[in-house]
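Single-structure report; data block below.
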Amino acid sequence: MTVTTRNPLGRSGLLVAPLTLGTMTFGRSDFGCDEPTAYRIIDEYVEAGGNLFDTADTYGGGASEQIIGGYVASRRIRDSVVFTTKFTMDSAPREPLSGGNGRRSMLRALEGSLRRLQTDYVDLYLLHSWDGATAIEEVIRSFDDAVTAGKVRYVGLSNVPAWYAARAYTLAEWRGYERPCVLQLEYSLVERGLEYEFPSMCSELSMSLMPWSPLANGVLTGRYSPERGPGESGRLANEAFTNHPEKWPEKRTPRTWEIVAELSSVASEVGRSMAQVAINWLAGRPGVSTIVLGASKPGQIESLMTALDFQLSADQLRRLDEVSRPATAEPYDYWPRIRKRMKMNDWQSPVPAGENSSADGSLEGRQQ
Ligand SMILES: NC(=O)c1ccc[n+]([C@@H]2O[C@H](COP(=O)([O-])OP(=O)(O)OC[C@H]3O[C@@H](n4cnc5c(N)ncnc54)[C@H](OP(=O)(O)O)[C@@H]3O)[C@@H](O)[C@H]2O)c1
């Protein structure tokens with residue numbers, strides 16, 4: 001067993017492994033894997049001490065939930081694992097009523113997820129994406145109803161603005177509803193945009209971060225390069241995946257390759273794979289409680305499950321932080337300057353205290 005610790009999600013009583021098994025690839029013939037392969041991947045994860053499965057009603061058109069549900073039922077391990085699933089996406093394309101953040105969409109999706117997962121409750125139920133329309137009050141009330149009905153244990157949000165999450169949390173707190181305990185967002189060495197707002201919000205409101213695409217779709221394994229482009233294997237060479245507007249090559253800028261080069265050099269120094277170093281770096285970022293790993297082939301998860309078994313030096317962390325630092329942006333750089341001018345050194349940074357906080361609390365200064 002390689003993962004033995006459990007982290008709470010936010011202030012909830014839900015204890016989870018620091019590495020989650022993401023299952024977006026399960027049951028997909030294009031850039032994913034079939035059921036027997038998925039079972040081997042799940043075996044690797046469970047044998048390495050994992051207990052948290054991340055899925056969604058629409059992953060593999062429902063096949064992902066079916067595979068996980070079938071695995072857990074056949075192994076009789078429901079009491080020792082945690083199911084996270086999500087609603088929002090349109091499960092019947094071109095039918096608006098089959099998606100969105102509204103009550104009807106949520107309850108319809110939840111019933112389907114319970115059936116496919118072969119369970120009578122979901123441990124952690126997430127809103128998959130903000131739809132830009134549904135009132136927050138409707139979402140938190142519907143979440144709370146699902147908890148009261150015993151169909152959901154805890155709730156969380158994915159792909160929402162920080163203001164939305166803060167308002168949802170605060171309204172739920174004031175109305176005595178179940179509060180969201182986790183935020184699932186894209187976060188990796190190449191995608192650090194959430195750092196402007198989310199870590200400080202999570203600290204203030206006692207929520208956890210649950211990063212997705214921690215290897216930037218495989219870019220942080222070193223298997224892609226500007227010369228080779230997306231290559232011939234892997235999801236970035238697959239049209240079904242790259243048709244997604246934000247994937248390749250839009251996000252693969254010169255900055256990405258500088259990060260990959262520095263990651264490669266740190267990985268050589270510590271004698272670990274680039275993927276393991278990228279996951280290790282992410283696990284130490286403020287607010288991160290569990291990282292959602294992805295895989296489509298046996299062996300990938302097995303190697304990632306040892307990514308937390310070593311420590312990077314202060315110098316290695318500084319180099320990774322510097323090469324991947326997000327651009328400065330106002331107003332996030334304004335108040336550190338003002339505090340410095342006023343010599344407010346005793347001001348408490350919203351970033352959790354300890355080695356993750358910099359002396360001035362600025363985004364640039366943050367290191368592990
Ligand atoms: N909330 C959301 O909106 C959202 C969005 C996306 C994902 N997610 C969740 O997050 C999970 C992870 O996301 P992701 O799959 O994008 O994560 P990722 O870590 O960025 O990419 C995973 C891919 O990296 C490659 N890989 C992983 N380990 C490897 C290894 N040891 N050696 C070589 N290549 C390796 C594989 O690519 P190949 O398959 O090409 O071999 C694998 O499928 C998903 O399964 C899903 O549960 C959530």
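The values are calculated or read from the model by the stated rules, or taken from the named source; none is laboratory data. Please read these numbers as outputs of a predicted model, since none were measured by experiment. Because the Cβ atoms are built from the backbone with ideal geometry, glycine has one as well, and the counts that use them run over all protein chains shown.
Among residues of the range 166-218 being over 22 Å from PHE31 (Cβ atoms) and among the hydroxyl-bearing types (Ser, Thr, Tyr), the one that is farthest from the chain's Cα centre (by Cα) is TYR177. Could you tell me whether any residue of the range 141-153 is in contact (Cβ under 8 Å) with a residue 24 or more places away in the chain and part of a strand (DSSP E or B)? Within the range 141-153, one or more residues are in contact (Cβ under 8 Å) with a residue 24 or more places away in the chain and part of a strand (DSSP E or B).
Identify the residue in the range 264-278 that is within 13 Å of the ligand (Cβ to nearest atom) and among the hydrophobic types (A, V, I, L, M, F, W, C) and, among all such residues, is farthest from LEU320 (Cα to Cα). Steps first, answer last, please.
Residues of the range 264-278 that are within 13 Å of the ligand (Cβ to nearest atom), as a first pass: 267, 272-278.
Subsequent filtering for residues that are among the hydrophobic types (A, V, I, L, M, F, W, C) retains 267, 274-275, 277-278.
On the way: ALA267: 11, MET274: 12, ALA275: 13, VAL277: 10, ALA278: 9 Å.
Only one residue fits best here, namely ALA275.
Flag: ARG104 matches the condition of being in a helix (DSSP H, G or I), free of Cβ contacts under 8 Å to residues at least 12 places away in the same chain and of a type in the set (Lys, Arg).
Is it true that GLU302 is within 22 Å of the chain's Cα centre (by Cα), touching a residue at least 12 places away in the same chain (Cβ under 8 Å) and not in a loop (DSSP other than H, G, I, E, B)? Yes, satisfied.
Looking at (1) within 16 Å of the ligand (Cβ to nearest atom); (2) in a loop (DSSP other than H, G, I, E, B); (3) at pLDDT 95 or above, which is the one condition that is false for GLY49? Unmet condition: (1). Residues that are at pLDDT 95 or above, of a type in the set (A, V, I, L, M, F, W, C), away from the ligand (no atom under 11 Å from the Cβ) and in a loop (DSSP other than H, G, I, E, B) within the range 52-95 comprise ILE77, VAL81, listed in sequence order. In the range 279-299, what residues are more than 10 Å from the ligand (Cβ to nearest atom) and in a loop (DSSP other than H, G, I, E, B)? Correct list: GLY284, ARG285, PRO286, GLY287, SER289, THR290, PRO298. Screening the range 148-189 for residues that are among the β-branched types (Val, Ile, Thr) and surrounded by fewer than 21 Cβ atoms within 10 Å (Cβ to Cβ) and picking the one that is nearest to GLY10 (Cα to Cα) gives THR170. The residue of the range 237-263 that is surrounded by the fewest Cβ atoms within 10 Å (Cβ to Cβ), among those that are within 11 Å of the ligand (Cβ to nearest atom) and at pLDDT 75 or above, is ALA237. Of all residues in the range 306-320, those satisfying the criterion of being touching a helix residue (DSSP H, G or I) at 6+ places or on another chain (Cβ under 8 Å) and either in a helix (DSSP H, G or I) or within 10 Å of the ligand (Cβ to nearest atom) (or both) are ALA307, GLN316, LEU317, ARG319, LEU320. None of SER158, SER142 is in contact with a Lys or Arg (Cβ under 7 Å, 6 or more places away or on another chain) and more than 30 Å from THR221 (Cβ to Cβ) except SER142. Taking the criterion of being under 17 Å from THR20 (Cα atoms) and within 10 Å of the ligand (Cβ to nearest atom), the residues of the range 201-236 that qualify are MET210, PRO211, TRP212, SER213, PRO214, LEU215, ALA216, ASN217, GLY218. In the range 198-222, the residues that are free of Cβ contacts under 8 Å to residues at least 24 places away in the same chain form Cβ pairs under 8 Å with partners that are charged (D, E, K, R) and within 16 Å of the ligand (Cβ to nearest atom), at six or more places apart or across chains, as follows: GLY218/ARG235. Here the condition is being touching a strand residue (DSSP E or B) at 6+ places or on another chain (Cβ under 9 Å) and either farther than 23 Å from VAL219 by Cβ or surrounded by fewer than 15 Cβ atoms within 10 Å (Cβ to Cβ) (or both); of SER296, SER289, SER313, it holds for SER289 alone.
If only residues of the range 39-82 that are touching a residue at least 12 places away in the same chain (Cβ under 8 Å) and of a type in the set (Asp, Glu) are counted, the one that is farthest from MET24 (Cα to Cα) is GLU47.
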